[in-house]
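**Q** The structure is given below, and queries will be raised subsequently.
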Amino acid sequence: MKIGICSDHAGFQYKEKLSAWLAAKGYEIVNFGTDSEVSMDYSDVAHPLARAVEEGAVDCGIALCGTGNGMAMTLNHHKGIRAGLAWSSEIGRLVKAHNNANVLVMPARFISYRMAQSIVRTWMETKFEGGRHERRIAKIPCA
Ligand code: RB5
């Protein structure tokens with residue numbers, strides 16, 4: 001499984017640690033940057049990650065910024081993206097089970113690294129429930 005990952009400067013440390021952790025588990029990680037803690041604009045890495053998910057170059061994505069909101073807002077401008085913000089393991093579960101998020105977004109400045117790992121693990125292990133949620137996510141795109 002190929003996972004695309006990106007962050008801004010605020011999420012850089014967690015991105016690096018999560019990438020190494022996931023690679024050690026056997027996942028193929030595609031890094032979309034940023035590659036330092038120098039201040040940068042989250043949209044510069046969020047758009048390339050979104051395109052890669054839309055085109056199927058990666059199977060899913062993980063994005064981190066300070067609050068997660070800049071990443072989520074940018075990613076969700078793409079028609080093929082359902083980016084879901086999660087700050088607890090239970091929300092990580094629900095964002096897959098109910099919303100079938102294909103990009104997981106986390107607020108690096110507001111959660112511990114251990115929580116970020118737990119959210120990623122839960123999101124990846126959870127299956128989309130379909131049914132009524134299939135109908136609901138089908139109504140998300142603007143006409
Ligand atoms: C960076 O200071 C911060 O604005 C950014 O990481 C993010 O929280 C934006 O949504």
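**Q** Restricting attention to the range 4-36, and to residues there that are away from the ligand (no atom under 11 Å from the Cβ) and assigned to a loop (DSSP other than H, G, I, E, B), which single residue is surrounded by the most Cβ atoms within 10 Å (Cβ to Cβ)?
**A** Taking the range 4-36 and keeping what is away from the ligand (no atom under 11 Å from the Cβ), we get 4-6, 13-33, 35-36.
Subset that is assigned to a loop (DSSP other than H, G, I, E, B): 25-27, 32-33, 35-36.
Working: Lys25: 10, Gly26: 7, Tyr27: 15, Phe32: 23, Gly33: 16, Asp35: 13, Ser36: 9.
Checking each candidate, the answer is Phe32.
**Q** Now for a different question. Only one of these conditions is not met by Val105: (1) farther than 18 Å from Glu16 by Cβ; (2) within 16 Å of the ligand (Cβ to nearest atom); (3) in contact (Cβ under 8 Å) with a residue 24 or more places away in the chain. Which number is it?
**A** Evaluating Val105 over (1) farther than 18 Å from Glu16 by Cβ; (2) within 16 Å of the ligand (Cβ to nearest atom); (3) in contact (Cβ under 8 Å) with a residue 24 or more places away in the chain leaves (1) as the failure.
**Q** Taking interchain pairs and intrachain pairs at least six residues apart, which have beta carbon atoms under 8 angstrom, with the first residue in the range 115-143 and exposed (fewer than 11 other Cβ atoms within 10 Å of the Cβ) and the second at pLDDT 95 or above?
**A** Lys127/Lys96; Lys127/Ala97; Ile140/Arg82; Pro141/Lys79
**Q** I need the full set of residues from the range 71-99 which are farther than 17 Å from His133 by Cβ, within 12 Å of the chain's Cα centre (by Cα) and touching a residue at least 40 places away in the same chain (Cβ under 8 Å), in order please.
**A** The answer is Met71, and nothing else.
**Q** What number of residues in the range 67-95 are within 16 Å of the ligand (Cβ to nearest atom) and either under 22 Å from Lys17 (Cβ atoms) or part of a strand (DSSP E or B) (or both)?
**A** Taking the range 67-95 first, the residues within 16 Å of the ligand (Cβ to nearest atom) are 67-77, 83-87.
Checking the rest, the ones that are also either under 22 Å from Lys17 (Cβ atoms) or part of a strand (DSSP E or B) (or both) come to 67-72, 75, 83-87.
Final tally of qualifying residues: 12.
**Q** Might you check whether a residue that is away from the ligand (no atom under 16 Å from the Cβ), assigned to a loop (DSSP other than H, G, I, E, B), within 28 Å of Gly130 (Cβ to Cβ) and in contact (Cβ under 8 Å) with a residue 40 or more places away in the chain occurs anywhere in the range 59-66?
**A** Pass one, the range 59-66, residues away from the ligand (no atom under 16 Å from the Cβ): 59-61.
From what's left, assigned to a loop (DSSP other than H, G, I, E, B): 59.
Now narrow it down to the ones that are within 28 Å of Gly130 (Cβ to Cβ): 59.
After this cut, where a residue has to be in contact (Cβ under 8 Å) with a residue 40 or more places away in the chain as well, the list is 59.
Yes: the range 59-66 contains one or more residues that are away from the ligand (no atom under 16 Å from the Cβ), assigned to a loop (DSSP other than H, G, I, E, B), within 28 Å of Gly130 (Cβ to Cβ) and in contact (Cβ under 8 Å) with a residue 40 or more places away in the chain.
The values are calculated or read from the model by the stated rules, or taken from the named source; none is laboratory data. Remember, it's a predicted structure, so these values are computed and weren't measured experimentally. Reconstructed Cβ throughout: ideal geometry from the backbone, glycine too, with neighbour counts over all protein chains shown.
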